[in-house]
Amino acid sequence: MTSVLNQANTNRPYSKQDWQQGYESQRREEAYWLKPVSGSVPKQLKGTLFRNGPGLLDIGGIPIKHPFDGDGMVCAFTFDKGNVYFRNRFVRTQGFLEEQAAGTILYRNVFGTQKTGGWWKNAFDFQFKNVANTNIIYWGGKLLALWEGGLPYRLDPHTLETLGTDQLEGVLEAEDAFAAHPWIEPQSVINNHQPCLINFYVDAGLSTTLHTYEFDSNFQLLRNQRHPVPGFAFIHDFAITPHYYIFFQNPVKFNPIPYALGLRGAGECIKFQPQQNTRIWVIPRNRDRGETVKQLEVNAGFIFHHGNAFELNEHQLCVDSICYADLPDVDPNSDFRDVDFEALDPGQLWRFTLNLDTATVEKELAEPRCCEFPTIHPQKVGQPYRYVFMGTAHQSRGNAPLQAILKYDWQTQQRHVWSAAPRGFVSEPTFVPKPEAETEDDGWVLTLIYNAAKHCSELVILAGSNLEEIARLELKYHIPYGLHGSWVSQCF
Ligand code: CO
């Protein structure tokens, strides 16, 4: 698609109605071969792309309050010999099954979706529905749909059939959770240079405990830690380096009273404090070295996602993150579809340099353009790296829906942009290296876009080197805007 502006909306490269249609519920579940509408799929591209996101934006016709509350629907795209096989299926969580049978909302959700029947039906009910909608990973022979407030749900990687919740060989208790942002460290220096999966869980309340876990490739636990931090913490993602876990504790206040009384969802009781500093916790992964946990502070805005982190030297760490100068409260009386994009601050890419000796932080704005969903070469996790790929707005300034993919080069500050505007909207990009790649960007960028012109989704394959479009495959129907996903080299 070219960057021709929509004539009906000369100020904007998109129409809001187009964007809103991408949030219609999708009830179909199918499996079929995708057809390229342009280009051809590289034969070397072999493996499976898994994606997760809210599939239902209503329950029995009752709209939910926020897409983060939507029941998880997983998509799988298997690439082999230039062909792509697609299937999608809901994660059949306990809440999904019960609510679909009842045809109505039976659970409270984190982001404001409440049980029908008024506040007295919700008061003092602190049980959230596990929507299993945020990410999906394949590790240790398990395909796991992740949601940060509850246990992972295990799926069959071939059929996407739900097998039930998974406590990871007893590492997690029934009431524990597992965040939706694990990292796969390709060669862990503290774990015999083996690949490992590193994740966390935030047990948040009036005080908070950060739990961290490292697993080997058979899902055997290598390390775990608990670290208490003062106050309530809203932490969606973290960063790792070969020797540290890094948590940015966003400056928020939580007022539990309207939530407890059933008047508001928990997410609607969180208030961002833009004037306050973010607390940064740097936790040594290997506690045998006798190093202590360090606390640093910086005004960082609100952070959902980190792109990567690495050790510049023994004393300094770099963390690259998408930061929002301000974050509006979740208004219990407004519909998320009516969002006024222009009134909000864009997410922007920043680099934080943490000095562990002086406990000081320097920050630098790298990319002022509105961006989200940073992703990197999988072998560069926790390591110095050159390129980051992100979803971005079509326009270079201001806040807008993500319609384009941006490649940013930390070495030269050069940017490449591929845009799906005016009628296309992108999701998180995934970078897949070529089997014989010689440079960090020699590979493909995959993204699922919503094409409002056809009211369907399309999988787009771009060249990692210059974001040139290589191929586009059309789905039979649309997939509502998703959250996160992952690539594995196995063909399921
Ligand atoms: Co996320």
task: Out of the residues in region 364-392 that are part of a loop (DSSP other than H, G, I, E, B) and under 18 Å from the mean Cα position of the chain (by Cα), state the one that is surrounded by the fewest Cβ atoms within 10 Å (Cβ to Cβ).
output: Ile376
field: Meets criteria (at negative phi and either in a loop (DSSP other than H, G, I, E, B) or under 22 Å from the mean Cα position of the chain (by Cα) (or both)) for Gln225
entry: no
field: Checklist (1) over 22 Å from Asp216 (Cα atoms); (2) modelled with pLDDT of 95 or more applied to Phe124, failing item
entry: (2)
- line: Note on region 275-298: residues exposed (fewer than 15 other Cβ atoms within 10 Å of the Cβ) and without any contact (Cβ under 8 Å) to a residue 60 or more places away in the chain are Gln275, Gln276, Asn277, Asp288, Arg289, Gly290, Thr292
- prompt: So Phe111 fits all but one of (1) within 16 Å of the ligand (Cβ to nearest atom); (2) touching a strand residue (DSSP E or B) at 6+ places or on another chain (Cβ under 9 Å); (3) at negative phi; what number is the exception?
  reply: (2)
- prompt: Could you list, in sequence order, the residues of region 146-171 that are among the aliphatic types (A, V, I, L, M), under 20 Å from Ser217 (Cβ atoms) and in contact with a Ser or Thr (Cβ under 8 Å, 6 or more places away or on another chain)?
  reply: Leu146, Leu155
- request: Have a look at Gly47, Gly61, Gly53, Gly39 and point out the one that is in contact (Cβ under 8 Å) with a residue 60 or more places away in the chain and closer than 30 Å to Arg337 by Cβ.
  value: Gly53
message: Exactly one of these conditions fails for Glu99: (1) assigned to a loop (DSSP other than H, G, I, E, B); (2) touching a Phe, Trp or Tyr at 6+ places or on another chain (Cβ under 8 Å); (3) farther than 21 Å from Tyr481 by Cα; (4) of a type outside the set (Val, Ile, Thr). Give me its number.
response: (1)
field: Criterion violated by Gly265 - all others in (1) surrounded by 19 or more Cβ atoms within 10 Å (Cβ to Cβ); (2) closer than 23 Å to Ile184 by Cβ satisfied
entry: (2)
task: Evaluate the following for Phe304: is it closer than 30 Å to Phe124 by Cβ and surrounded by fewer than 22 Cβ atoms within 10 Å (Cβ to Cβ)?
output: yes
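A quick yes/no check of all residues on (1) in a loop (DSSP other than H, G, I, E, B); (2) over 30 Å from His181 (Cβ atoms); (3) among the charged types (D, E, K, R):
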| position | (1), (2), (3) |
| --- | --- |
| Arg12 | yes, yes, yes |
| Asp18 | no, no, yes |
| Tyr23 | yes, no, no |
| Arg28 | yes, no, yes |
| Tyr32 | no, yes, no |
| Pro36 | no, yes, no |
| Arg51 | no, no, yes |
query: within 29 Å of Ala266 (Cβ to Cβ) and surrounded by 17 or more Cβ atoms within 10 Å (Cβ to Cβ) - does that describe any residue in region 350-359?
result: yes
Unmet requirement for Ile283, which otherwise passes all of (1) assigned to a strand (DSSP E or B); (2) over 22 Å from Ala266 (Cα atoms); (3) within 21 Å of the chain's Cα centre (by Cα): (3)
message: Suppose the filter is touching a Gly at 6+ places or on another chain (Cβ under 6 Å), part of a loop (DSSP other than H, G, I, E, B) and either in contact (Cβ under 8 Å) with a residue 24 or more places away in the chain or surrounded by fewer than 19 Cβ atoms within 10 Å (Cβ to Cβ) (or both); does Leu327 pass it?
response: no
Of the criteria (1) modelled with pLDDT under 95; (2) within 30 Å of Leu222 (Cα to Cα), which one Ala309 fails: (1)
query: Taking only pairs six or more apart or across chains, which ones have beta-carbon atoms under 7 Å, a first residue in region 332-349 that is closer than 24 Å to Glu24 by Cα, and a second residue that is basic (Lys, Arg) and buried (at least 16 other Cβ atoms within 10 Å of the Cβ)?
result: Pro332/Arg264
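The values are calculated or read from the model by the stated rules, or taken from the named source; none is laboratory data. Everything numeric in this text was worked out from a predicted model, so none of it was measured. Note that we place each Cβ from the backbone using ideal geometry, even for glycine, and neighbour counts take in every protein chain shown.
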